[in-house]
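What follows is one structure encoded as structure tokens, with my remarks underneath.
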Amino acid sequence: METNNIEELYNRDYYEHYPNPTSGSYLKARRILGILLVLLLKSFVDKPVKKVLDVGCALGIAVQQLRLLGYDAHGIDFSQAAIDMRVCDEVEVGDVRKIQFPDEAFDLIVSFETMEHVPEEDIPQVISELHRVTRKYVFLTVCFSGGEGHLCVQNRSWWEENLLSKFNYMEGTPQRLEVNSKVGWNTFFLEKK
């Protein structure tokens, strides 16, 4: 894994000067995403979800939003710079290839725009870790177009083939919710097999 290059990309400067033409700042963009997460949780998960892990949480903005709404939310991110700038205490440095929580520790794992930053050869291990740590649900957004720091650029079919080896689509959820067609960003609402 080219950790040094990725760590250099996701340094303090990245989070302070995040180039987002729609929302302007990293904090604002992620707060919007946190609100969307809560709306999605309430819309698609009919069973109680209490404990949530955000994999690739960056500053922990979604974790903070979830905690404010009463969820027992935690987050991990590989970037020490992001964790140093965290907005809540329940986030820590962690490796998605070896998640430091016990089996079935969370009702739901969420991961926004993280999987494409993992080398392709590590994806099966990451999927196994998500499967191991969740009790029931996984909600992912994956960008499958090229971009800075994207180490695994694959189409939706490739992701489905890999993810559906351990998960099913969550019943009653959209299977092909395209969020942003310009960058090829799709969602996966999954339930543990």
Seminar exercise, completed: Flagged in the stretch 84-134 as closer than 18 Å to residue 71 by Cβ and polar (S, T, N, Q), in numbering order, are 111, 134
Exercise. Counting only residues that are under 16 Å from residue 75 (Cβ atoms) and touching a residue at least 60 places away in the same chain (Cβ under 8 Å), how many does the stretch 120-133 have?
Worked result: 2
Seminar exercise, completed: Inside the stretch 57-78, the number of residues satisfying the requirement of being surrounded by 24 or more Cβ atoms within 10 Å (Cβ to Cβ), of a type outside the set (A, V, I, L, M) and at positive phi is 1
Problem set entry | Considering residues of the stretch 157-193 that are among the small types (Gly, Ala, Ser) and part of a loop (DSSP other than H, G, I, E, B) only, the residue modelled with the highest pLDDT | 165
Exercise. Residues in the stretch 102-111: is at least one in contact with a Phe, Trp or Tyr (Cβ under 6 Å, 6 or more places away or on another chain) and at pLDDT 95 or above?
Worked result: no
For this session: Among the candidates 116, 148, 92, single out the residue that is exposed (fewer than 14 other Cβ atoms within 10 Å of the Cβ) and either in a loop (DSSP other than H, G, I, E, B) or free of Cβ contacts under 8 Å to residues at least 60 places away in the same chain (or both).
Result: 148
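The values are calculated or read from the model by the stated rules, or taken from the named source; none is laboratory data. In this text the structure is predicted, and so the values were computed from the model without any measurement. So basically every Cβ, Gly included, is an ideal-geometry build from the backbone, and we count neighbours across all protein chains shown.
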